[in-house]
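Q: Got a structure for you, written out below as structure tokens; questions coming shortly.
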Amino acid sequence: MSADLWEGFNASLDPETITGPVWDEPVPLNPRRELPTFPVHTLPDWLSDMVAAVAEETQTPTDLAGCLALGVIATAAGGKAAVRVRGQWQEPVNLYTAVALPPGNRKSAVFGLMAGPLFAVEKALVELAGPKRAEAETTARLAKAAADKAAQKAAAAEPDVRDQLTADAVALAQRAEEITVPAKPQLVADDVTPESLASLLAEQDGRISVMSAEGEIFEIIAGRYSGVPNMGVFLKGHAGDMARVNRQGRDAQYIEDPAVTMALAIQPEVLDSIGRMKGADGRGLLARFLYSKPLSLVGYRNLTPDLIPETTIDTYARRLSGLTMTFADRPETAILTLTPEADAVMLAYQKVTESRLRKGGSLAPIIKWASKRDGAVARIAALIHIASHPDNAWDLPIAAATMAAATEIGDYFTAHAKEVFDAMGADPAQEAAHQLLTHLKEQRLSGFTKRELFRGLSRGDFPAMTDLDPALTLLEEHGWIRQHPLPPRTGKGGRPPSPRFDTHPNVTPPLTTD
């Protein structure tokens, strides 16, 4: 029988007509969690209004702008505030957040809108520091010139006065060495190396923020330039542990309480790569991030969205700029405290966390991350408090309502962390199978050839036709698809026909009409 006759004969058979229903109920793939959206209502009005408006105009998930809202407040106050939870338990207010979204989600636009005021403040701080830096540079230059002149004079002096002139030259040299020219103020860095970040921390009074819409920082941490992972400064910068900075030509510097804030947007596949980064899990880098993995809106966006009201932009810029300038001018760290009621809310949350860390508990699979979630909630409560009271947050204790709002955000990040850590350890075929099944359902394909399926998919997800094989095998094992028997070869050569598949009736249920 020829290949064409075989295919025609095979297609004419209707097994269900002959034998009755032949499809068993398909076995579900590992279920995807229904992840919560960022609880925008937990933020103070000026911040929540901006988050909602940015998400609407850019047609991006509120999660992106919401996580950035926490990041910008942490940038403004990081290194200048801490929250004393109870006893000696104290948390700095810097955060590490990472939002996973595919390309095409306008991440740069959201970053620009949310972080724009920070760069405006940074520019203003540079201008304000200009005269002081100029004075220090001039003083340092004159002091060095005086020391050099004294050294020359001592070298040429008669023996009877040389010792005194030498002592004078040494004193002038020491005085010149002690003069420090302040660095240009900087609030935000992009994809810096660990060495550069350490230097920035030393220059910027122990505080710096890394904000990026690309997330290449993970490649740098993994050793893009050195070939060896280097995460020490990122670990210490989150915890506030003393860091030592070795700078060429100078003595080592010690940063007592380094505060690094990281607000990143990354592509979902980066989660897999950082999960495989040597030492990232064991040393606790992965556990320090608050993850968000929202659904992309690409393909479902409103092309005529509501634009951000000018009053919303102006209020946001004014509040964030004022907050940032206020903390930039503070000479010492502001220590925030809790009301007794807020402490009770925090303690109740801790009890829930502790019980779920037990063997068999819902947080046991992510125990390293979950062990830090109470501290993260305390930091988030402090940030909400600071944003709510930008002028006098240090004079007011954190209220119970603020702590309750922080626990809601903590639950949000917990749900996303479970999904992210599951994905890091999952079989890659699972995600691919989910993608194929979604495509089959959206296209309502009752049957297809492998070549037809490949043509309808993104080359970014499936670069080659062979990349379909693990996912097709998994779908077939779970009963979602069934391959037709291959026709006999004719011996005439040529390209063999593409494998053909039927899909389970559940993939294309009858359309209902109202």
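No value in this document is a laboratory result; all are computed from the given coordinates. Keep in mind the model is a prediction, meaning the values are calculated, not measured. Ideal geometry is used to build each Cβ from the backbone, glycine not excepted, and the neighbour counts take in all protein chains shown.
Q: Within 10 Å, count the other beta carbons around each residue, average over each peptide in 168-175, 192-199, 64-71, and list them highest first.
A: Top of the packing list down: 64-71, 192-199, 168-175.
Q: Within straight cross-link reach of K107, meaning Cα distance under 25 Å, which lysines are found once same-chain residues fewer than 8 apart are removed?
A: K123, K293, K418
Q: Does anything in the stretch 50-87 have its amide N under 16 Å from the 7 Å Cα→Cβ label point of E256, and if so which residues?
A: Inside the label zone: 79-83.
Q: Calculated FRET efficiency, R162 and T193, Cβ-Cβ r, R0 41 Å, to nearest 0.05?
A: Efficiency computed from Cβ-Cβ geometry: 0.30.
Q: Still on this structure: Place a +1 charge on the Cβ of each Lys and Arg in the chain and a -1 charge on the Cβ of each Asp and Glu, then give the dipole magnitude about the Cα centre in debye, rounded to the nearest 20.
A: In debye, rounded to 20, the chain gives about 900.
Q: If I stretch the segment between A171 and D272 completely, what's the gain in nm (0.36 nm per residue apart, minus their alpha carbon distance), one decimal?
A: The A171-D272 span can extend by a further 30.6 nm.
Q: Computed from the coordinates I sent, Kirkwood radius over Cα pairs in Å equals one of (i) 24.1; (ii) 26.9; (iii) 22.9. Tell me the label.
A: Matching the structure shown: (ii).
Q: Give me H439, H41 ranked fewest to most by other Cβ atoms within 10 Å of their Cβ, as a rough exposure proxy.
A: Lowest count first: H41, H439.
Q: How would you order 98-106, 354-362 from highest to lowest mean count of nearby Cβ atoms within 10 Å?
A: 98-106, 354-362
Q: Among DSSP bridges having both ends in the chain, what percentage is antiparallel? Round to the nearest 5.
A: The antiparallel proportion sits near 40 percent.
Q: Only helical DSSP H runs with n ≥ 4 go in: add -39500 (n - 2.57) per run for the chain, normalise by residue count and round the 222 nm mean residue ellipticity to 500 deg cm²/dmol.
A: -16500 deg cm²/dmol
Q: Would you grab the residues whose amide H sits under 5 Å from the one on Q90? Only those 5+ places off in sequence or on another chain, please, with H modelled 1.01 Å from N.
A: V85
Q: Same structure again: Provide the per-residue ³J(HN,Hα) series for the stretch 407-420, in order, calculated from phi with Karplus coefficients 6.51, -1.76, 1.60 and θ = phi - 60°, each as a whole number of Hz, with x at glycine and proline positions.
A: Here the 3J(HN,Hα) series is 5, 5, 5, x, 5, 4, 5, 5, 4, 6, 5, 4, 5, 5 Hz.
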